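Have a look at the structure below, then the notes.
The values are calculated or read from the model by the stated rules, or taken from the named source; none is laboratory data. The structure displayed is predicted, hence computed values, not measured ones. Don't worry about glycine lacking a Cβ; one is built from the backbone with ideal geometry, like all the others, and counts go over all protein chains shown. Note: areas computed on protein heavy atoms with side chains; ligands, DNA, RNA excluded. Shrake-Rupley method; radii C 1.70, N 1.55, O 1.52, S 1.80 Å.
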Amino acid sequence: MSDLNELSIAEARDRLAARDLSARELVQASIAAMEAAKPLNIFVTETPERALEMADAADARLKAGDAKPMTGIPVAVKDLFCTKDVCTTAGSHMLESFTPPYESTVTANLWDNGAVMLGKVNMDEFAMGSSNETSAYGPVKNPWRLGETDTVPGGSSGGSVAAVAGRIAPCATGSDTGGSIRQPAAFTGTVGLKPTYGRCSRYGMVAFASSLDQAGPITRSVRDAAIMLGAMAGHDVKDSTCVDVPVPDYEAALTGDIRGLKIGIPKEYHSADMPREIEDMWQQGMAWLRDAGAQIVDISLPHTKYALPTYYIVAPAEASSNLARYDGVRYGHRAQLKSGDGLTEMYEETRAEGFGEEVKRRILIGTYVLSAGYYDAYYLKAQKIRTLIADDFRRAYKKVDAILTPTAPSAAFGFGAKQDPLAMYMNDVFTVPASLAGLPGISIPAALSAEGLPLGLQILGRAFDEETVLKVAGVMEDAAAFTAKPKTWWS
Amino acid sequence: MSVDKATVKRIAKLARIRIDEDRLDPMAGELNNILDWVEQLSAVDTDGVKPMTSVVDHCLHWRADEVTDGNKRDDVLSNAPDAEFGFFAVPKVIE
Amino acid sequence: MSKEAKNYIVHGATGDWEIVVGLEVHAQVTSQAKLFSGASTQFGSEPNSNVSLVDAAFPGMLPVINGECVRQAVRTGLALDAQINKFSRFDRKNYFYADLPQGYQISQFAHPIVGEGEMLVELEDGATKSIGIERLHLEQDAGKSIHDQHPRYTLVDLNRSGVALMEIVSKPDMRSPEEAGAYVRKLRTMLRYIGSCDGNMEQGSMRADVNVSVRRPGEPFGTRCEIKNVNSVRFVMQAIEYEARRQVDILEAGGSIDQETRLFDPNKGETRSMRSKEEAHDYRYFPDPDLLPLEFDDAYIEEARASLPELPDAKKARFVKDWGLPDYNAATLVGEKESADWFETLLDALRKGVDSPVEKLAPKASNWMLSDLYGQLNKAGKSLSDCPITPTQGAELLKLVFDGTISGSASKEVLEEMLQSGRNPADIVEEKGLKQVSDTGALEAMVDKILAANPAQVEQFKAGKTKVVGFFVGQVMKESRGQANPAVVNEILMRKLAE
Ligand SMILES: [Mg+2]
Ligand SMILES: [Zn+2]
């Protein structure tokens, strides 16, 4: 591990621009760290040759003086983003041998902005999970440990956050359906931003739940999140749900001035069983904001407690349909057939072998809630409650400019600690409401738990107002001065 | 609303996922746990509430009627588990 | 004019049965590119060549709608006098099949783009019947599974996957195979008129799912069977006939009808149960989260309306009212836009050359087109689309008849020659010496000769049997080898016989 691995995007960018560092050196440091980090099981596919090629191209560009915002910056790509000619698994055995002949829009935007692909990182299978334990390629280990005991990195963007927290890359792409960027960011002391639904294109991103999935950056600083979001976002005619509004200069939003801003504290996020240290961190966060001249306002989001069950109808329903294409016909795994097996056997065996337990469970739930006679009671009901949840936020944002909550109800936990699916689902209790409403949110590291693990605070904002979210996050980041980092025990 | 073994079998069939016989009962239990939990939603009064159709509040973009894609059979077949004469091949279906 | 449609009855051993038919017609929208992808819709290409990664449902691929398909659906809805829904939505219809790459079809279930409408159909005996349209929605076509080209495999071609279809669903308003046939024919005419579908049933651009049930007259609807993908008007009629009989036989033997999907086998003229669609379906429809609702305003609808050509019913009414065409002629001519257009051009040219009221010209011209022209084209195994002469040439020929240059019978001979050589009628008449004799002197001589040779018939005429005039005309025509002008002959005859 060299000092270069500690550089933020902004720092590396400035040094690259000053020609006091070459992209090749920077990328080589990342490749070395990637090699050393094998015990963390972060990468599903490493692409060092490609990284070096891209680094050389970046150096040429830097030399020519036409550098883009992320020229030469190494990126770990969640294995959910299709990358041309590079295997893309979505953490599933189903796509073990899948090589897309196309590039996702988000990664294409990053490469257009000069970024360098380090490799594809591990994740919960099809992004279904909050601990990375559902990956067909084995769980990612959190660089942060409880003494000698491994902890989960959170999920589903577990590989992404581990790569960033472990100083392998300064940034990684993530995707967030119900908290899959923010919760793992909180578990690893990184910054994770879920933009407004429609801000980043979903084209070429393996779909989990189409109405919720949104790509976003995972970094070590708020400034880096701003830089990277700018490089990922933008209108895309290939995604009908991607919005045609200009991408602002997010970095410019980091003015440090939040005087007069109103920050809402939703009373429903308090609960009797919230751990003391989470509650304390939250209070501390409010104090930081007050000190910076913001006004703390109590608000109510009355349908909060229904968000999680609503999510666990909507997301599996969409997933059951989105994952129907994995049938062994055109790509991906196909089961070995016995003589006499027909199409139905091919489907049933292929999908039984290709999908893991959690994915199967969610497909079955989703199939059930959409099936004849149950649609109204489950799916339709859930979509109505979703309207109520979005209305709660709409009402709140008439009074406040942003909302502050904890990101997750606990710090990272040990492997196997949450055997019961429902207990696992509870991880997303604070992140899911904004997902259902399509709103932006960021998690920043705010404190360490008593056991020395990072804890995160979440800032939510209005639709397409990532600027306010980033501005508030930047102020809190300064106040928190979170400098703790994991020990490099793996190398 | 409770899911029994037969229901698990039926939805597994709909979803085209073979479930081992000895997994049917446990799976019914797991699904019931989740369904019992989401049951709390029935307490919410949703009379007159419009179901959410889209979280984004904008208009559907329409493409022009132009051929801009296709003509990439190699790409289309590049990941095929089995292909014959430019077709995808699957076990024979009898109509 | 509106005659009631006659009842069609299946006579069973235990009494009479009525049949109830509803149709779901899938019509391929005329467009360059597919409904949700930029791949070509061209027919007959190499397998899997007109396929984008969207059509093949690769991971992360998303649908983007083709505006032209929306426009054509709206135009079609307007032509069917139907409700146009300014808000509609796409739903996913989930099921597994090898040629359905997404594992769902994007269709419109709860909110179709077009609602209720109606269409008037004409039956063989001149009766008309209004058939209700339940809805029209846009959806994706599936690919094609080929089961008989390989010993072990079914082969899948996705060229059609994602092509835009309009599913036009009728109400269960048809009561006979003939009505169903007339409905499909009329629908095809309409679609071709407005250009929203080429109506080519052989290539599968238009195909019908036929729902058939039987009942005792006056009783509620029976259980129906759906016969999938019938691809000609004749087969639609045959399938209904067979299926109704089959159901009556089962019911009369004390059995009951299973609601099922069946296939029509054109070789055997039978329907049979489809094994592959055996199991009960549960399509789990829900709104496609990859797409937003489809919305447009009144101005958009009005623009679509303004782009519609005159529709067959209006055209027929105009032919009858303005030009005095017989109902049957008008109906036949408007059956295809092409024939209506041909006729209008013919009549236009004719009116420029002949100074006679249109009500006189038009019926004759239509008769000529439907009997002489169609008759000869038919004999040659040709249709209007490969007719070797232009409507203007046809008008020139008719002019020669109207101004008395040639006789009606000679015109047939000229037409035959025109169809063979494409030459102008005047030249042919000249060359073959087919000009009529209108020279009174020569004709008077001929009449005198005939009257003198047939005194008995002259007597008959004088005794009041005026019908013998026809006999004399015939004799004169024979004498003149068909070149006598019958009108002139008639006039001379009447004068001489009155002497
Ligand atoms: Mg249908
Ligand atoms: Zn259909």
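Rundown of residues vs (1) at negative phi; (2) within 44 Å of the chain's Cα centre (by Cα); (3) in a helix (DSSP H, G or I), yes/no style:
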{"site": "C:Leu397", "(1), (2), (3)": "yes, yes, yes"}
{"site": "C:Ile406", "(1), (2), (3)": "yes, yes, no"}
{"site": "C:Ser409", "(1), (2), (3)": "yes, yes, yes"}
{"site": "C:Leu451", "(1), (2), (3)": "yes, no, yes"}
{"site": "C:Glu459", "(1), (2), (3)": "yes, no, yes"}
{"site": "C:Gly464", "(1), (2), (3)": "no, no, no"}
{"site": "C:Asn490", "(1), (2), (3)": "yes, yes, yes"}
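Are any residues in the stretch C:139-159 within 16 Å of ligand 1 (Cβ to nearest atom) and either among the acidic types (Asp, Glu) or in contact with a strand residue (DSSP E or B) (Cβ under 6 Å, 6 or more places away or on another chain) (or both), and if so, which ones?
Matches in the stretch C:139-159: C:Glu139, C:Gln140, C:Asp141.
Might you check whether a residue that is more than 14 Å from chain A (Cβ to nearest Cβ), in a helix (DSSP H, G or I) and either modelled with pLDDT of 95 or more or surrounded by fewer than 16 Cβ atoms within 10 Å (Cβ to Cβ) (or both) occurs anywhere in the stretch C:267-277?
There is no residue in the stretch C:267-277 that is more than 14 Å from chain A (Cβ to nearest Cβ), in a helix (DSSP H, G or I) and either modelled with pLDDT of 95 or more or surrounded by fewer than 16 Cβ atoms within 10 Å (Cβ to Cβ) (or both).
Would you call C:Asn7 over 22 Å from A:Ala317 (Cα atoms), open to solvent by 10 Å² or more (accessible area, probe 1.4 Å) and polar (S, T, N, Q)?
yes
Considering only the stretch A:234-280, how many residues are assigned to a loop (DSSP other than H, G, I, E, B) and more than 14 Å from A:Phe430 (Cβ to Cβ)?
Total satisfying the criteria: 26.
Could you list, in sequence order, all residues of the stretch A:356-377 that are facing chain B (nearest Cβ under 7 Å) and surrounded by 20 or more Cβ atoms within 10 Å (Cβ to Cβ)?
Passing the criteria: A:Lys360, A:Ile363, A:Leu364, A:Ile365, A:Thr367, A:Tyr368, A:Ser371.
Quick check on this structure: which one of C:Ile227, C:Ile240 is away from ligand 2 (no atom under 16 Å from the Cβ) and of a type in the set (A, V, I, L, M, F, W, C)?
Result of the check over C:Ile227, C:Ile240: C:Ile240.
Out of (1) over 28 Å from A:Glu25 (Cα atoms); (2) assigned to a loop (DSSP other than H, G, I, E, B), the odd one out for A:Ser175 is which?
Of everything listed in (1) over 28 Å from A:Glu25 (Cα atoms); (2) assigned to a loop (DSSP other than H, G, I, E, B), A:Ser175 misses just condition (2).
Rundown of residues vs (1) within 14 Å of another protein chain (Cβ to nearest Cβ); (2) within 27 Å of C:Gly44 (Cα to Cα); (3) within 16 Å of ligand 2 (Cβ to nearest atom); (4) touching a residue at least 60 places away in the same chain (Cβ under 8 Å), yes/no style:
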position	(1), (2), (3), (4)
C:Pro177	no, no, no, yes
C:Gly181	no, no, no, no
C:Leu187	no, yes, yes, yes
C:Arg207	no, yes, yes, yes
C:Val214	no, no, no, yes
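Every residue, every condition in (1) basic (Lys, Arg); (2) in a loop (DSSP other than H, G, I, E, B); (3) within 14 Å of chain A (Cβ to nearest Cβ), yes or no:
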| position | (1), (2), (3) |
| --- | --- |
| C:Met61 | no, yes, yes |
| C:Glu68 | no, no, no |
| C:Arg71 | yes, no, no |
| C:Val74 | no, no, no |
| C:Leu78 | no, no, no |
| C:Tyr97 | no, yes, yes |
| C:Leu100 | no, yes, yes |
| C:Ile106 | no, no, yes |
| C:Glu124 | no, yes, no |
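What are the residues in the stretch C:301-319 that are among the polar types (S, T, N, Q) and surrounded by 16 or more Cβ atoms within 10 Å (Cβ to Cβ), if any?
None - no residue of the stretch C:301-319 is among the polar types (S, T, N, Q) and surrounded by 16 or more Cβ atoms within 10 Å (Cβ to Cβ), so the list stays empty.
Quick one: in the stretch C:20-31, of everything that is in contact with a Ser or Thr (Cβ under 7 Å, 6 or more places away or on another chain) and more than 16 Å from ligand 2 (Cβ to nearest atom), which residue is farthest from the other protein chains (Cβ to nearest Cβ)?
C:Val20
For the stretch C:60-67, state whether one or more residues are open to solvent by 20 Å² or more (accessible area, probe 1.4 Å) and more than 16 Å from ligand 1 (Cβ to nearest atom).
no
Which of the helices (runs of 4 or more DSSP H) contained wholly in chain B include at least 1 residues that are aromatic (Phe, Trp, Tyr) and surrounded by 13 or more Cβ atoms within 10 Å (Cβ to Cβ)?
Qualifying helices (runs of 4 or more DSSP H): B:21-38.
Those residues that are of a type outside the set (Gly, Ala, Ser) and crowded, with 24+ Cβ neighbours inside 10 Å, I need them from the stretch A:454-474; list them, please.
A:Pro454, A:Leu455, A:Leu457, A:Gln458, A:Ile459, A:Leu460, A:Glu466, A:Val469, A:Leu470, A:Lys471, A:Val472
From the list C:Ile428, C:Ile389, C:Ile450, pick out the single residue that is open to solvent by less than 30 Å² (accessible area, probe 1.4 Å) and under 21 Å from C:Val476 (Cβ atoms).
C:Ile450
So, in the stretch A:1-44, how many residues would count as being more than 26 Å from A:Glu148 (Cα to Cα) and among the polar types (S, T, N, Q)?
Of the residues in that region, 3 qualify.
Of all residues in the stretch A:56-86, which are open to solvent by 50 Å² or more (accessible area, probe 1.4 Å) and either under 18 Å from A:Leu26 (Cα atoms) or assigned to a loop (DSSP other than H, G, I, E, B) (or both)?
A:Asp56, A:Ala57, A:Ala60, A:Arg61, A:Lys63, A:Gly65, A:Asp66, A:Ala67, A:Lys68, A:Pro69, A:Lys84, A:Asp85
Condition first: in contact (Cβ under 8 Å) with a residue 60 or more places away in the chain and either within 16 Å of ligand 1 (Cβ to nearest atom) or open to solvent by 50 Å² or more (accessible area, probe 1.4 Å) (or both). Now tell me which residues in the stretch C:238-248 satisfy that.
C:Gln238, C:Glu241, C:Arg245
I'm trying to understand the selection: among the residues of the stretch A:315-329, which are facing chain C (nearest Cβ under 7 Å) and either open to solvent by 10 Å² or more (accessible area, probe 1.4 Å) or within 19 Å of A:Glu353 (Cβ to Cβ) (or both)?
A:Ala324, A:Arg325, A:Asp327, A:Val329
From the residues in the stretch C:156-175 that are under 26 Å from C:Lys316 (Cα atoms) and more than 16 Å from ligand 2 (Cβ to nearest atom), which one is farthest from the other protein chains (Cβ to nearest Cβ)?
This residue is C:Arg175.
Would you confirm whether or not the stretch C:69-84 contains a residue that is among the charged types (D, E, K, R), touching a strand residue (DSSP E or B) at 6+ places or on another chain (Cβ under 9 Å), closer than 18 Å to C:Leu294 by Cα and open to solvent by 20 Å² or more (accessible area, probe 1.4 Å)?
The answer is no; no qualifying residue exists.
Quick one: in the stretch C:216-237, which of the residues that are away from ligand 1 (no atom under 16 Å from the Cβ) and basic (Lys, Arg) is nearest to C:Gly12 (Cα to Cα)?
Applying the filter and picking the extreme gives C:Arg216.
Mind checking which residues of the stretch A:189-228 are within 12 Å of the chain's Cα centre (by Cα) and either on the phi > 0 side of the Ramachandran plot or not in a loop (DSSP other than H, G, I, E, B) (or both)?
Within the stretch A:189-228, A:Val191, A:Gly192, A:Leu193, A:Lys194, A:Gln214, A:Ala215, A:Gly216, A:Pro217, A:Ile218, A:Thr219, A:Ala225 qualify.
Within the stretch A:94-124, how many residues are out of contact with any His (no Cβ under 6 Å at 6 or more places or on another chain), within 14 Å of chain B (Cβ to nearest Cβ) and in a helix (DSSP H, G or I)?
Of the residues in the stretch A:94-124, 1 are out of contact with any His (no Cβ under 6 Å at 6 or more places or on another chain), within 14 Å of chain B (Cβ to nearest Cβ) and in a helix (DSSP H, G or I).
Here are C:Gly199, C:Gly269, C:Gly254, C:Gly204: which of them is within 16 Å of ligand 1 (Cβ to nearest atom) and at positive phi?
C:Gly204
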